[in-house]
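This report concerns only the one structure given below.
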Amino acid sequence: MENDKNKKTPQQRLELIYATCEGKTDAEQVLKEILPLIEDYFVCNAEIENSEIKVQFYNGQKFRICVKED
C-alpha cells in the first residue's frame, strides 16, 4: 500500500513530466539563475567571473561560488 504522503497530485505529476523533458542545463546557466537570488538576498556586489560567482560584502568579506556538473 502506497503511503499517502508519497502520492503526487496531478499538478505535481505534470510538473515532473515537464522537468524530465527539459534540455540539459550547463554550469554557466546555473550560475546565471543563482546570481539574481544572491543579489536579492544579500547586500553585496556580485558578478559572474571565470565560471564562478564572486560575492563581496561591504564589510570586506569575499566569497566565490563555483558550480560544476558531476
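Rounded to the nearest 0.05, the FRET efficiency derived from the C-beta distance between V67 and Q12 at R0 = 30 Å is 0.70. A crude spin-label estimate for the pair A19 and I48, with each label 7 Å from Cα along the Cβ direction, gives 2.2 nm. Sorted largest first by accessible area at a 1.4 angstrom probe radius, with every protein chain in place, the residues T25, T20 fall in the order T20, T25. Which option, (i) 19.9; (ii) 18.7; (iii) 15.0, is the value of Kirkwood radius over Cα pairs in Å that was calculated from these coordinates? The value computed from this structure is option (iii). For segment 1-68, the share of accessible area belonging to carbon and sulfur comes to 51 percent (1.4 Å probe, ligands and nucleic acids excluded).
For the chain, chymotrypsin sites (Phe, Trp or Tyr not before Pro) meeting the loop criterion (DSSP other than H, G, I, E, B) and having at most 16 other Cβ atoms within 10 Å: F42, Y58.
Site-free segments of the chain were taken between trypsin sites (Lys or Arg not before Pro) in DSSP loops having at most 10 other Cβ atoms within 10 Å, sites themselves excluded; the longest one is 25-67. Loop-located GluC sites (Glu not before Pro) in segment 1-62 (DSSP state other than H, G, I, E, B) with a sparse environment of at most 12 neighbouring Cβ atoms within 10 Å: E2, E22.
Accessible area per residue for the chain is 90 Å², calculated with a 1.4 Å probe on protein heavy atoms, without ligands, DNA or RNA.
Label separation (Y58 vs I38): 1.9 nm, computed from points 7 Å beyond Cα along the C-beta direction.
The values are calculated or read from the model by the stated rules, or taken from the named source; none is laboratory data. Values in this document were obtained by computation on a predicted structure and should not be read as measured data. So basically every Cβ, Gly included, is an ideal-geometry build from the backbone, and we count neighbours across all protein chains shown. We work out accessible area using only protein heavy atoms, side chains counted, and drop any ligands, DNA or RNA first. Shrake-Rupley method; radii C 1.70, N 1.55, O 1.52, S 1.80 Å.
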